[in-house]
């Protein structure tokens, strides 16, 4: 196991613009600690937590809290995790990073870096479903994440072959397609017309193009200022 989900860590060089974008969508702000030397903010809809980092790193990162981090590294390496970096010591904020199949970066940290707000409601985009990763070998990726504690919850063949994995409060989607150009945050909404209306009211313009297999009558894509893709789709069955 890699601990409890903390946040999707996003590189946000225009951090104020990104923070304002998510605020307009209805995300609430969390109270952040003074862990990082760089500018840092966290927004949440109660299910999804996004860390906005004004710092260079390969990402986005999936960040998890694993107390007593140093004690767990050997067992994770035995399960096939190859750490690309680690910072350990009594005078440092302990963290370790690795890269999962298909280039997904993961960060494990010793403790939380923010306090969630007392109340957060769903955003304009609806219910957060999953963090979708485009993969080239579905079986390999599934096996890797299952060793880290994820459990396959559902499998779909449309619009392409995909598997949803669940762990803790955060779901991953492994998508066998080249139509997703990058990891994507997937939300579901019953009334896409209402979503479009509310986005127009806040001046958020959907992306002009969708992946070819997706029906524009039932899907829309937004691109955040830092480049994150946010897809609104019908509820997953």
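Descriptive notes on the structure:
- Where residue 142 falls short, out of the listed (1) modelled with pLDDT under 95; (2) not in a strand (DSSP E or B); (3) not assigned by TED's automatic domain parsing to the domain that holds residue 45: (1)
- The set of residues in region 4-20 being assigned to a helix (DSSP H, G or I) and either within 20 Å of residue 170 (Cα to Cα) or in contact with a strand residue (DSSP E or B) (Cβ under 9 Å, 6 or more places away or on another chain) (or both) consists of 15, 16, 18, 19.
- Which numbered condition residue 37 fails, given (1) outside any helix (DSSP H, G or I); (2) more than 30 Å from residue 90 (Cα to Cα); (3) without any contact (Cβ under 8 Å) to a residue 24 or more places away in the chain: (2)
- Checking each residue in region 45-75 for being in contact with a helix residue (DSSP H, G or I) (Cβ under 9 Å, 6 or more places away or on another chain) and not in a loop (DSSP other than H, G, I, E, B) picks out 50, 52, 53.
- Residue in region 149-157 that is surrounded by 14 or more Cβ atoms within 10 Å (Cβ to Cβ), in contact with a strand residue (DSSP E or B) (Cβ under 9 Å, 6 or more places away or on another chain) and under 23 Å from residue 59 (Cβ atoms) present: yes
- Among (1) under 25 Å from residue 46 (Cα atoms); (2) surrounded by 16 or more Cβ atoms within 10 Å (Cβ to Cβ); (3) touching a residue at least 24 places away in the same chain (Cβ under 8 Å); (4) under 21 Å from the mean Cα position of the chain (by Cα) - the single one residue 211 does not satisfy: (1)
- Scanning region 183-201 for residues being assigned to a loop (DSSP other than H, G, I, E, B) and either buried (at least 18 other Cβ atoms within 10 Å of the Cβ) or modelled with pLDDT of 95 or more (or both) gives a total of 2.
The values are calculated or read from the model by the stated rules, or taken from the named source; none is laboratory data. Fair warning: this is a prediction, and the values are worked out from it, not measured in the lab. Here Cβ is always computed from backbone atoms with ideal geometry, including for glycine, and neighbour counts include all displayed protein chains.
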